[in-house]
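Working notes for the structure below.
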Amino acid sequence: LEQNYKKYCSYGFDNASIYSASFKSKEISDVTFATIGSVKGHPELFTDFKYILIDEVHLVKPESGMYKEFLDKLKSKVIGLTATPFRLYSYQNYGSILKFLTRSRDKIFKELIYYVQVEDMAKNGYICLPNYYTCPPPQWNEGNLQLNSTCRDYTDQSVKQEYERVDLYGWLVSVVKRLLNPKRGGQRKGILVFTKFVKEAQKLTYSIPNCEMVCGETPPKEREAIIERFRNGQTKVLVNSQILVVGFDYPELDTVVYAKPTRSLAQYYQVVGRLLRLSKGKQPWFVDLCGTYERFGKVEDLKLLDQNGKGKWVIMSGNKQLTNTFF
């Protein structure tokens with residue numbers, strides 16, 4: 001919220017305010033940046049607003065929840081923004097399916113009014129594309145991972161067992177050390193590491209000099225200070241568990257190490273997205289340790305296509321259909 005508000009104001013606009021209890025501000029202006037938890041109980045304050053823009057709309061539940069309760073009481077036009085326009089659904093005995101936001105039975109968003117392909121954004125100079133490196137531990141075997149009851153992702157237990165079998169922690173340490181002193185490509189400006197468990201994040205800070213970590217339990221002020229040290233170059237390696245996936249804005253970031261297996265296209269895309277922001281002289285690297293890149297491919301190869309010209313939108317990776325098909 002604060003990041004979006006500051007970015008808007010940086011363009012010279014002075015007609016914005018923040019309505020959020022966590023920000024300790026409840027002001028309403030022509031343009032109001034709000035958290036849903038703070039406004040859901042006060043829709044009467046926003047009846048005069050013509051438009052409601054929702055960021056990261058793949059997180060909005062169409063059938064119930066705070067957003068639906070809030071929107072049902074207003075007559076505003078609702079516009080949703082997202083880089084990953086689909087939600088995951090699971091069906092017993094069938095498996096899981098990614099449904100495009102406009103193609104689910106219960107839906108808030110009924111029409112796709114604008115889109116742009118990742119490849120086109122790169123060609124027109126709006127984003128930069130990373131180099132992809134697959135670097136799994138010796139003997140890594142994804143076949144040892146077990147699906148959870150929803151078929152959405154892998155069980156924690158099976159992931160832990162495979163981590164221990166191949167010593168993923170030791171491999172992660174060696175990869176990060178090599179990245180800190182690369183033989184080619186120049187010195188890395190900052191290395192952001194994603195781990196599945198807090199344990200790996202904590203252990204990495206013990207083994208790598210100038211490395212800090214953040215997780216869901218890190219107090220907000222401490223988290224902010226840690227991230228700021230990473231942004232200004234004081235900290236060379238920042239390792240995080242389960243956060244900094246969506247919306248983390250650090251254009252100079254040039255290296256991501258993804259040390260967690262996942263079947264989530266949204267999570268993979270959002271993580272790679274941390275590298276796409278432009279910065280002078282930047283040559284980003286995406287280093288994958290657990291086979292996720294091999295499953296989904298390059299983000300610039302992902303394409304939104306209308307299958308029949310009548311709004312049957314899907315996301316493809318080359319010839320492989322990723323949404324609205326069971327996996």
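Mind listing whichever residues of the range 115-134 are closer than 30 Å to Val175 by Cβ and either touching a Leu at 6+ places or on another chain (Cβ under 7 Å) or surrounded by 14 or more Cβ atoms within 10 Å (Cβ to Cβ) (or both)?
Val118, Glu119, Met121, Ala122, Ile127, Cys128, Leu129, Pro130, Tyr132, Tyr133
Mind listing whichever residues of the range 102-111 are in contact with a Ser or Thr (Cβ under 8 Å, 6 or more places away or on another chain) and either without any contact (Cβ under 8 Å) to a residue 60 or more places away in the chain or open to solvent by less than 50 Å² (accessible area, probe 1.4 Å) (or both)?
Once the filter is applied, which keeps residues that are in contact with a Ser or Thr (Cβ under 8 Å, 6 or more places away or on another chain) and either without any contact (Cβ under 8 Å) to a residue 60 or more places away in the chain or open to solvent by less than 50 Å² (accessible area, probe 1.4 Å) (or both), the range 102-111 yields Phe109, Lys110.
Here's the yes/no breakdown for (1) charged (D, E, K, R); (2) under 23 Å from the mean Cα position of the chain (by Cα); (3) surrounded by 15 or more Cβ atoms within 10 Å (Cβ to Cβ); (4) assigned to a helix (DSSP H, G or I):
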residue	(1), (2), (3), (4)
Thr150	no, yes, no, no
Glu162	yes, no, yes, yes
Val176	no, yes, yes, yes
Leu179	no, yes, yes, yes
Lys183	yes, no, no, no
Gln187	no, no, no, no
Leu192	no, yes, yes, no
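For the range 135-144, how many residues meet the condition of being within 23 Å of the chain's Cα centre (by Cα) and open to solvent by less than 40 Å² (accessible area, probe 1.4 Å)?
First, pick out the residues of the range 135-144 that are within 23 Å of the chain's Cα centre (by Cα): 135-136, 142.
Of the ones still in play, those that are also open to solvent by less than 40 Å² (accessible area, probe 1.4 Å) are 135.
Counting residues in the range 135-144 that are within 23 Å of the chain's Cα centre (by Cα) and open to solvent by less than 40 Å² (accessible area, probe 1.4 Å) gives 1.
Look through the range 1-13, keep the residues that are loosely packed, with under 12 Cβ neighbours inside 10 Å and modelled with pLDDT under 95, and return whichever of them is nearest to the chain's Cα centre (by Cα). Before you say what the answer is, go through the steps one by one.
So the first thing to find is which residues in the range 1-13 are loosely packed, with under 12 Cβ neighbours inside 10 Å, and the list is 3, 7, 10-13.
Then drop every residue that is not modelled with pLDDT under 95, which leaves 3, 7.
Details: Gln3: 15, Lys7: 19 Å.
Among residues in the range 1-13 that are loosely packed, with under 12 Cβ neighbours inside 10 Å and modelled with pLDDT under 95, the one nearest to the chain's Cα centre (by Cα) is Gln3.
Among what's in the range 58-71 and is touching a strand residue (DSSP E or B) at 6+ places or on another chain (Cβ under 8 Å) and outside any loop (DSSP other than H, G, I, E, B), pick the residue that is nearest to Pro43 (Cα to Cα).
Leu71
What number of residues within the range 6-33 are assigned to a loop (DSSP other than H, G, I, E, B) and either over 24 Å from Tyr250 (Cα atoms) or not hydrophobic (A, V, I, L, M, F, W, C) (or both)? It would help to see each step written out before you state the result.
Of the residues in the range 6-33, the ones assigned to a loop (DSSP other than H, G, I, E, B) are 10-15, 21-24, 27-30.
Next cut, either over 24 Å from Tyr250 (Cα atoms) or not hydrophobic (A, V, I, L, M, F, W, C) (or both) only: 10-12, 14-15, 21-22, 24, 27-30.
Within the range 6-33, residues that are assigned to a loop (DSSP other than H, G, I, E, B) and either over 24 Å from Tyr250 (Cα atoms) or not hydrophobic (A, V, I, L, M, F, W, C) (or both) number 12.
Collect the residues in the range 289-322 that are in contact (Cβ under 8 Å) with a residue 40 or more places away in the chain, closer than 23 Å to Tyr154 by Cα and open to solvent by less than 30 Å² (accessible area, probe 1.4 Å), keeping them in residue-number order. Before the answer, list the steps.
So the first thing to find is which residues in the range 289-322 are in contact (Cβ under 8 Å) with a residue 40 or more places away in the chain, and the list is 289-291, 293-294, 298-304, 311-315, 322.
Retained after the next criterion (residues that are closer than 23 Å to Tyr154 by Cα): 289-291, 293-294, 298-299, 315, 322.
If the condition is that a residue be in contact (Cβ under 8 Å) with a residue 40 or more places away in the chain, closer than 23 Å to Tyr154 by Cα and open to solvent by less than 30 Å² (accessible area, probe 1.4 Å), then Leu289, Cys290, Gly291, Val299, Ile315, Leu322 are the ones that fit.
Listed residues Leu88, Leu45, Leu74, Leu53; which is touching a residue at least 12 places away in the same chain (Cβ under 8 Å), more than 28 Å from the chain's Cα centre (by Cα) and either within 27 Å of Gln267 (Cβ to Cβ) or part of a helix (DSSP H, G or I) (or both)? Before you say what the answer is, go through the steps one by one.
On the way: Leu88 fails: more than 28 Å from the chain's Cα centre (by Cα); Leu74 fails: either within 27 Å of Gln267 (Cβ to Cβ) or part of a helix (DSSP H, G or I) (or both); Leu53 fails: more than 28 Å from the chain's Cα centre (by Cα).
Within the list Leu88, Leu45, Leu74, Leu53, the selection yields Leu45.
The values are calculated or read from the model by the stated rules, or taken from the named source; none is laboratory data. Given the structure is predicted, the values throughout are model-derived calculations rather than measurements. Quick reminder, even Gly has a Cβ in these numbers, built from the backbone with ideal geometry, and neighbours come from all protein chains shown. Side chains are part of the model used for accessible areas, which takes the heavy atoms of the whole protein and leaves out ligands, DNA and RNA. Shrake-Rupley method; radii C 1.70, N 1.55, O 1.52, S 1.80 Å.
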